[in-house]
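One structure is given here, and the rest of the page talks about it.
The values are calculated or read from the model by the stated rules, or taken from the named source; none is laboratory data. None of the values given here were measured: they were computed from a predicted structure. Methodologically, a virtual Cβ is constructed for each residue, glycine included, from the backbone with ideal geometry; neighbour enumeration extends over all protein chains shown. The protein model used for the area step is the full one, side chains on, heavy atoms only, and it has no ligands, DNA or RNA in it. Shrake-Rupley method; radii C 1.70, N 1.55, O 1.52, S 1.80 Å.
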Amino acid sequence: MKCLSRIEIQEFLDKEIEPSLMARMSDHIEKCENCSMLFRQAVADKALIGKVIGMSDTTEDSIPVPEFVLPVLNKKRITFYKVIPYLVAASVIGIIFLFRSDKTPVLENIPEAEILLYEFYDGKDLNRMWHEKSQIIILQDEKGNVIQSIITN
Amino acid sequence: MSFDDVYRKYYKELRRFGRQLNISAEKCEDLTQETFMKFYVGINKGVIFNNPRAWLYKVYLNQFKTTCNSREYDIGSEANSMKADNHSEDALEEYSKKEKRRIVFEMLDRLTDKEKAILILYNHGLSYAEMAEVLEINPNSVGTTLVRAIERLKETLKIHYNEMFEQN
């Protein structure tokens, strides 16, 4: 058997080699000084990793495992991006109302009497009502000259 | 294995993994809960997990990558927050531990994310197949990646932290 690489030694150490090869490799490592040295190095490296990574541990292992909070399944979450189309639509409608041309008359400028009259006639066109119901009386003299014209209601 | 069994078995291990990646305790707790939440949803949808351990580590690591772009280092602040007038033996020992921890993170940060992760996973005792699944690499290249990471770690130790660790 030829000498093993550092990677093969590592795999041998971690028992990640096919079982049929393990015995042959083990024999070789025992006999070969170079491979034996590599193996000892790999063992030391593993211990070093344990030491270094172990130093990054905290003392939080004593903290108990918290209870798992069951999620509410099949409940639709309202996320911000889902609300965006509605916000845009509302903004567009708002802008249209803000800049529209046919604004309703401002009641503040209409005299109070007109408002009352408007309400009294139930919104009907007063001008038209006047034309429909009025009569014109024309007073003439003998010669046919108009003396006076009276419009009645 | 039921959800509860998996939760009880791997909760601390995952939290420890997060802390070793230098995630703050609070964020670590959140990530662990979110990982188990996904696992729970998966089980309810009928997903079959052949290796729950590797799956949990993988999801945890991916969540860490996506949510913790700006890593939350709290080690330094922990060490610095100790009161200056507190010189009792316990306090000094505690301070020393935190300082060592800070140095270890500083050292591990000199490695790539993959190198760091593989060393931690190796320390956690994951098999090569599990490490390949977590890191999403070819199972045949795990040995190579691991040995490279070890060599890089030793090199970093030799250059920057020779006094702290006895070189072998």
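Descriptive notes on the structure:
- Restricted to region B:73-168, the set of helices (runs of 4 or more DSSP H) holding at least 2 residues that are open to solvent by 10 Å² or more (accessible area, probe 1.4 Å) and at pLDDT below 85 comprises B:75-80, B:89-108, B:142-160.
- Condition check for A:S20: assigned to a helix (DSSP H, G or I), free of Cβ contacts under 8 Å to residues at least 40 places away in the same chain and over 60 Å from the mean Cα position of the chain (by Cα): no
- Restricting region B:28-39 to residues that are closer than 15 Å to A:I63 by Cβ and open to solvent by 50 Å² or more (accessible area, probe 1.4 Å), the residue that is farthest from the other protein chains (Cβ to nearest Cβ) is B:D30.
- For region A:63-80, a tally of residues being more than 7 Å from chain B (Cβ to nearest Cβ) and either in contact with a Gly (Cβ under 9 Å, 6 or more places away or on another chain) or at pLDDT 70 or above (or both) returns 8.
- In summary, A:S56 fulfils each of the numbered conditions (1) open to solvent by 30 Å² or more (accessible area, probe 1.4 Å); (2) touching a Lys or Arg at 6+ places or on another chain (Cβ under 7 Å) with the single exception of condition (1).
- Unmet criterion (only one of (1) within 12 Å of chain A (Cβ to nearest Cβ); (2) at pLDDT 90 or above; (3) surrounded by fewer than 20 Cβ atoms within 10 Å (Cβ to Cβ)) for B:N51: (1)
- Scope region A:31-54; condition more than 30 Å from B:L21 (Cα to Cα) and part of a helix (DSSP H, G or I); matching residues: A:K31, A:E33, A:N34, A:C35, A:S36, A:M37
- Residues in region B:1-45 that are within 27 Å of A:I53 (Cα to Cα) and among the aliphatic types (A, V, I, L, M): B:V6, B:L14, B:L21, B:I23, B:A25, B:L31.
- Annotation note: Cβ proximity below 8 Å between a residue of region A:66-89 that is surrounded by 10 or more Cβ atoms within 10 Å (Cβ to Cβ) and a residue that is modelled with pLDDT under 75 and among the small types (G, A, S) (sequence gap 6+ or interchain) occurs for no pair.
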